[in-house]
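Before any comments, here is the structure.
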Amino acid sequence: MPEKQTTPAVIYCRVSDHKQVSRGQGLQSQETRCREYAEFQGWSVVGVFKDDITGSVSDRPAMKALLAFLRQHRSRGVMVVIDDISRLARDLGTHIDLRDLIRKAGGILKSPTVQFGDDADSEFQEHLQATFSHHHRRKNAEQTKNRMRARVMNGYWVFQAPVGYRWERVPQRGMMLKRNEPVASVVQEALEGYAHGRFETQADVVRFLQDNPLFPKDRRGLVRHQRVGILLKQVAYAGYIDAPSWDVSLRPAQHEALITYQTHHRILERLSGIGRTAKRRNLDEDFPLRGFVACGDCNSSLTSCWAKGKYQLHPYYHCHKPGCPSYGKSIRRDVIEGEFDQLLNSVRPTEKLFKVASRMFRDLWDNRGDQIAAQKKAMAVELVRINAQRDQVLDRILDATVPSVIAAFEERVRKLEADAILIKERMANTVVLGKTFDESLRTALTFLANPCNLWDSGSLEKRRAVLKLVFAGKLPYVRKEGFRTPTLSLPFKAIAALSAGDFKMARPGGIEPPT
């Protein structure tokens, strides 16, 4: 007699996310129960299909493969075994759709916990259980959201850890963000560099992070502009947290900040175009003066290029503005940079003059303590005023009935709260001078004594720092004449003023001698 063929069966297992797969939770136990049920029924398991995706959607890789398998073996009447009705779907609409797709593909749905049938009572029981699973999923989501919102209100970060942080379990406080070195220091340098103008565009930040081997890249080994844009706007780096979609306003976070809130505010201003410095493109080691030297005829920034000669390339600066008398006329790099070296040497103070300037700066330092106390007092008064304004706006919100007016008041409250945070941070950072004059300003005085040393280091970044620290604006340059008188920064301007005459510091009480 021919051997009787056993009924074929396939097993479908599903968990909600990939973490459950990596931890070994769910899939293996589902498969074991389904195999036991199939063996009890006398069916032969010919395939297992596993998904790690939410039960609210029907577009799943393993489910598609299962349906394709059923269509290929439609004539055999394949049994589709699931551990529980919730493993098929956690949404009533999705359950009905998948149930219909399996039936049309020739599959017969079976489960050790549910009796599937085509009569009205069986369908009612099935839909009732699917509705309960749907409700359970939504209730779990609501409870999870409420717990997460409560932690956010208490200042705990509950979202994906920003780059530069890692999760660490803290006793009695749960999972918290902690600095992830050395990446945290790289992110801190990028944020502070953009805030203070070291990186003039987002593209500069992208290049800095791309060139840094410590910063994590994407699958292709790249740092994307979109990722840097999100990084620059992330308030978590300033030690604050908010969740507007959950009606949680800005508040101090429990984790350690990488930058101050004032620095974060400065970044947002630059991103919005407020206080943005002029863009200087194509800066490289070949032309350190590019972007800092202006044409003496039209005041446009000089550009630079390598010109092709008969045997080699030659570096030149030139004016690119049409209509200018110097338009297109080249200036040899060695000429203009040689004259700049002479200019930089000319602002170097003599030893005697430097000693006089040092005494002047020391006197200013000694009076700084009183100024700090006055500033802190003024900021305290300003904080009281902001809080009073905020309370007035909150009272108006209670009396308002028009949604647009309420929204405007709420935006005003958010602005006032952000201003209050800035004031508090400035007060906290405005501390009494604890170090001596020599300890605090040793580096600055060394630079003032001879800025040429830093320029001669050859580093483009340090040379650009010299240009910003010594000069207050672009350096006008006229072909065949050289540099015009530059505008110096305040410290060098003060030293230049001292060199023009015999000046002495006035007494704290004024010009007239005290009586």
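For the chain, the longest principal axis of the C-alpha atoms and the axis of helix 202-211 are separated by about 70°. By the beta carbon rule, with partners counted only under 4.7 Å, the chain holds these lone Cys residues: C13, C34, C305, C452. Most tightly packed first, judged by the mean number of other beta-carbon atoms within 10 Å of their residues, the peptides 479-485, 91-97 read 91-97, 479-485.
About its Cα centre, segment 1-147 has a charge dipole of approximately 500 debye under the convention of +1 per Lys or Arg Cβ and -1 per Asp or Glu Cβ, with nothing else charged.
Computed from Cα atoms alone, the Kirkwood hydrodynamic radius reported for segment 79-196 is 18.5 Å.
A dipole drawn for the chain from +1 and -1 charges on Cβ atoms has a positive end, and of V186, I423, Q41 the residue lying farthest that way is V186. Dipole magnitude for segment 63-121: about 440 debye, using +1 per Lys or Arg Cβ and -1 per Asp or Glu Cβ, origin at the Cα centre. For the chain, find the longest principal axis of its Cα atoms and tell me its angle to the long axis of helix 460-470, 0 to 90°, nearest 10. In the chain, helix 460-470 runs at an angle near 50 degrees to the longest axis.
Under the criterion of Cα pairs below 8 Å and six or more residues apart, the relative contact order for segment 58-177 equals 21 percent. For the chain, the longest principal axis of the C-alpha atoms and the axis of helix 261-271 are separated by about 90°. Think of the chain as a dipole: +1 on every Lys or Arg Cβ, -1 on every Asp or Glu Cβ, centred on the Cα centre; then among F340, A130, S404, F340 lies furthest on the positive end. Placing +1 on the Cβ of every Lys and Arg and -1 on the Cβ of every Asp and Glu, with nothing else charged, gives the chain a dipole about its Cα centre of roughly 1200 debye.
Between F116 and F159, what FRET efficiency follows from the Cβ-Cβ distance if R0 is 51 Å, with the result rounded to 0.05? Here the calculated transfer efficiency is 0.80.
Overall, the anisotropy analysis places segment 136-179 in the prolate class: the square-rooted eigenvalues a ≥ b ≥ c of its C-alpha gyration tensor yield a/c not less than 1.5, with a/b exceeding b/c. Peptide packing: for 215-225, 63-73, the average count of neighbouring Cβ atoms within 10 Å per residue gives the ranking 63-73, 215-225, highest mean first. Over the residues of the chain, the helix contribution to mean residue ellipticity at 222 nm works out to -16000 deg cm²/dmol, using -39500 (n - 2.57) for each DSSP H run of at least 4.
Averaged over every viewing direction, what's the projected area of the C-alpha convex hull for segment 281-322? Give it in nm², one decimal, please.
3.5
With a threshold of 30 Å on the Cα-Cα distance, the over-threshold entries among K178/K217; K145/K178; K178/K468; K329/K468; K424/K493; K104/K139 are K178/K468; K424/K493; K104/K139. For segment 225-340, a Kirkwood hydrodynamic radius built from all Cα pairs, placed in the Stokes-Einstein relation at 25 °C and 0.890 mPa s, yields a translational diffusion coefficient of 135 µm²/s. Look at the dipole of the chain built from charges on Cβ: of F492, I241, G106, the Cα furthest out on the positive end belongs to F492. For the chain, the relative contact order works out to 9 percent when only alpha carbon pairs closer than 8 Å and six or more residues apart are counted. Taking only the Cα atoms of the chain, the radius of gyration and Dmax are 35.3, 131 Å.
Values in this text are rule-based calculations from the coordinates and carry no lab data. None of the values given here were measured: they were computed from a predicted structure. Backbone-built Cβ (ideal geometry, glycine too); neighbour counts: all protein chains shown.
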